[in-house]
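Down below is the structure, laid out as structure tokens.
Read the figures in this text as sums done on the coordinates, not as results from a lab. Note that the structure is a prediction, hence the values are computed from the model and not measured. No Cβ is skipped: glycine too gets one built from the backbone with ideal geometry, and neighbour counts run over all protein chains shown.
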Amino acid sequence: MSMLPTRRECLRRLTALLPPLALPACVSPGGVLVDGGTRRNAAKWEFHERFLASGARFRYHPYGGQGRAWTAQMEHFYRTHRRDARVGYAVKNLHTGQYLAEYQADRLFFGGSMPKPPIAAMLLEKRQGACSYEEFMHIVYVCDKSLNSSWMVLHSLLDGHDEAAFRWKYHLPVSHILANQLSPRFYAEFFERCVNYRLDHGCELLLEAMRRDQYGFGRLYLPRHITYAGGKTGNYGEWDHEALFFYHGTTPYAVTLFTRGDFSPGKMNLPLGAMMGGLFREYIA
């Protein structure tokens, strides 16, 4: 006669049947525990079952630090301009929430293309992650190639009520996303919400999309061992900006830089690269 299973055996079998979202812990790409793993698991499920299932795909591969040589000229430029009245920046440890450096971090700048990922995040929130194939591809286009036509499409699908609800729900600093007015602190906080999976919808998609941005200068001067990095650039007229998130070791960081007054004339990479690389070297490396 077979014996009935013990209580311990019943519990073991029940645990084996539990879905992944019930597991007690999960680790982000940099090793940071994320709300017991449930948020990250949910974001990955949404990424596969909504974005990939729609047929939408990325166009580029992600890339990290390029490890270019740090010259005396760049060090001198950074030391000379880190308190320039034309710049504002924030450096944040996204694990502890501590700001390691900030200068004019709450100043609002005309954002150029910087609002594109937050606008994508607002649409994902509005659609609860269930965008159409066309909407998903517009999100890809604004994040990796910064196409203005796709930005305009996403912009047309949102209004002030969507923005107010998004900022209130996620406790984001003062900004005017749809009116293209952002601050270094806003962008550091936006990165924090994405990296720590604190947005209810779209985190995995936004992180992967921003890893494919093709225009940044900051990654040129990050070390080659930094392989998980993403961000956004923006330029228009006198305005030139760049923002990065990345893992250094197991810790995620953000460096956000906004400039005005033709700080980077002719769209040269030295001014922005020197500032981004200098902030990394002084406060993180």
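For a quick check, take a GNM of the chain with Cα springs below 10 Å and name the residue from 210, 74, 114 with the largest mean-square fluctuation.
Result for the chain, Cα springs under 10 Å: 74 fluctuates most.
With springs connecting C-alpha atoms under 10 Å apart, model the chain as a Gaussian network and identify which of 127, 212, 107 has the largest mean-square fluctuation.
Checking each option, the largest mean-square fluctuation is seen for 127.
Within 15 Å, Cβ to Cβ, of residue 248, how many net charges do the neighbouring residues add up to if Lys/Arg are +1 and Asp/Glu are -1?
On the way: positive: 92, 219, 224, 281; negative: 282.
Charge balance in the 15 Å sphere: +3.
Could you please report the charge total around residue 130, scoring K, R as +1 and D, E as -1 over all other residues with beta-carbon less than 12 angstrom from its beta-carbon? Kindly include the intermediate steps, with their values, before the conclusion.
Working: positive: 50, 126, 127; negative: 46, 49, 125, 135.
My count for the surroundings of residue 130 gives -1.
Sum -39500 (n - 2.57) across every DSSP H segment of at least 4 residues in the chain, then divide by the residue count to get the 222 nm mean residue ellipticity, nearest 500.
On the way: 10 runs with 107 residues, N = 285.
My calculation for the chain gives -11500 deg cm²/dmol from helical runs alone.
What does the charge add up to near residue 223, with Lys and Arg as +1, Asp and Glu as -1, over the other residues with Cβ less than 12 Å from its Cβ? Don't jump to the answer; show the numbers that get you there.
Working: positive: 68, 219, 224, 281; negative: none.
For residues surrounding residue 223, the net value is +4.
Select from 53, 130, 229 the residue whose mean-square fluctuation is largest in a Gaussian network model of the chain (Cα-Cα springs shorter than 10 Å).
53
Given points 7 Å out from each Cα along the Cα-Cβ axis, report the residue 133 to residue 49 separation in nanometres with one decimal.
2.1 nm
Fewest Cβ neighbours within 10 Å first, please rank 49, 102, 242 accordingly.
49, 102, 242
Is segment 164-285 rounded, prolate or oblate when judged by the Cα gyration tensor, a ≥ b ≥ c being the square roots of its eigenvalues, rounded requiring a/c under 1.5 and prolate requiring a/b larger than b/c? All intermediate terms of the calculation are to be shown ahead of the outcome.
Numbers: a/c = 1.88, a/b = 1.15, b/c = 1.64.
Judged from the Cα gyration tensor, segment 164-285 comes out oblate (a/c at least 1.5, b/c at or above a/b).
Taking the Cα centre of each part, how many Å lie between segment 140-185 and segment 52-75?
So the separation of the two Cα centres works out to 23 Å.
With a ≥ b ≥ c taken as the square roots of the eigenvalues of the C-alpha gyration tensor of segment 120-216, please select rounded if a/c is under 1.5 and otherwise prolate if a/b is larger than b/c or oblate if it is not?
It is rounded, given that a/c, with a ≥ b ≥ c, falls under 1.5.
If I histogram all Cα-Cα distances within segment 151-190 using bins 10 Å wide from 0, what percent of pairs lands in each bin?
28, 57, 15
Just checking my list (i) 52, 48, 32; (ii) 85, 41, 32; (iii) 48, 42, 38 against Cα extents along the principal axes in Å computed from this structure; which label fits?
(ii)
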